[in-house]
1. Name every residue in the range A:46-57 that is facing another protein chain (nearest Cβ under 9 Å) and either assigned to a helix (DSSP H, G or I) or in contact with a His (Cβ under 9 Å, 6 or more places away or on another chain) (or both), in order of residue number.
2. Is it the case that some residue within the range B:75-95 is within 14 Å of chain A (Cβ to nearest Cβ), outside any strand (DSSP E or B) and among the aromatic types (Phe, Trp, Tyr)?
3. Which of the residues that make up the range A:17-32 are exposed (fewer than 11 other Cβ atoms within 10 Å of the Cβ) and outside any loop (DSSP other than H, G, I, E, B)?
4. Please give the number of the condition B:Lys105 fails out of (1) exposed (fewer than 13 other Cβ atoms within 10 Å of the Cβ); (2) not in a helix (DSSP H, G or I).
5. Filter the range B:33-43 down to the residues that are more than 14 Å from every other protein chain (Cβ to nearest Cβ) and modelled with pLDDT of 90 or more and list them by number.
Amino acid sequence: MKRIKIRIPSGKLVIRSKRRKVGISRCANCHEELHGMPRMHAVKIRKLAKTERRPSRAYGGYFCGNCTKELFREKARVV
Amino acid sequence: MVLEVGRVVMKITGREAGKYAVVVKKVIDEKSKSKNSFVMVTGPKLLTGLKRRRANINHLEPTKYNLELKEDATDEEVYQAWEKSNLIKKFNLKKPSAAEMKSEKSKVQTNSQTS
């Protein structure tokens, strides 16, 4: 919770608390911003459907699409 | 072209990323009329989790393995080709049980009857 000062209609300055903004989720490999991820508090995310929480790809919500691509490319070449 | 019929590939994008498939035939794109952008691939679904679908070749990565297949082979023929090779063990694939195979067969039959 962050404390902010608000001027109320009667002209008084009062201190109210405000929720901090949630950080953007980033790729664990290249630190690029992840797409398709909700930017909410954990409590609100819990109310979402599972398909709305992360991409349904393998490593969705952890690695970005390009990093996943590279990972599986390497795997297919080695196997 | 590397992606000839029978080539074992891995899908690297989309929800089937990381799953193995086999190229069944080349597909001519109707829009651009090019023969080198799409291929038909199949797992089959019971074995690798990738159903028969058209796939862009940029979304596939070929492996060095080949299965002996004729063009436009059915899923059953592809499965038999997998079994003949020793790749199922190598890739750690889980073989479908007899009951699963049976239910899939009946699905295919009902689909063909309705269409």
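The values are calculated or read from the model by the stated rules, or taken from the named source; none is laboratory data. None of the values given here were measured: they were computed from a predicted structure. Don't worry about glycine lacking a Cβ; one is built from the backbone with ideal geometry, like all the others, and counts go over all protein chains shown.
1. A:Pro55
2. yes
3. Once the filter is applied, which keeps residues that are exposed (fewer than 11 other Cβ atoms within 10 Å of the Cβ) and outside any loop (DSSP other than H, G, I, E, B), the range A:17-32 yields A:Ser17, A:Lys18.
4. All conditions are met except number (2).
5. B:Phe38, B:Val39, B:Met40, B:Thr42 - these are the residues of the range B:33-43 that are more than 14 Å from every other protein chain (Cβ to nearest Cβ) and modelled with pLDDT of 90 or more.
Residue-by-condition table, conditions (1) crowded, with 17+ Cβ neighbours inside 10 Å; (2) modelled with pLDDT under 90; (3) of a type outside the set (Lys, Arg); (4) not in a loop (DSSP other than H, G, I, E, B):
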position	(1), (2), (3), (4)
B:Met1	no, yes, yes, no
B:Arg15	no, no, no, no
B:Gly18	yes, no, yes, no
B:Ala21	yes, no, yes, yes
B:Lys31	no, yes, no, no
B:Leu50	yes, no, yes, no
B:Thr63	yes, no, yes, yes
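Yes/no per residue for (1) loosely packed, with under 15 Cβ neighbours inside 10 Å; (2) within 14 Å of chain B (Cβ to nearest Cβ); (3) aliphatic (A, V, I, L, M):
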| site | (1), (2), (3) |
| --- | --- |
| A:Leu13 | yes, no, yes |
| A:Lys44 | yes, no, no |
| A:Tyr59 | no, yes, no |
| A:Thr68 | no, yes, no |
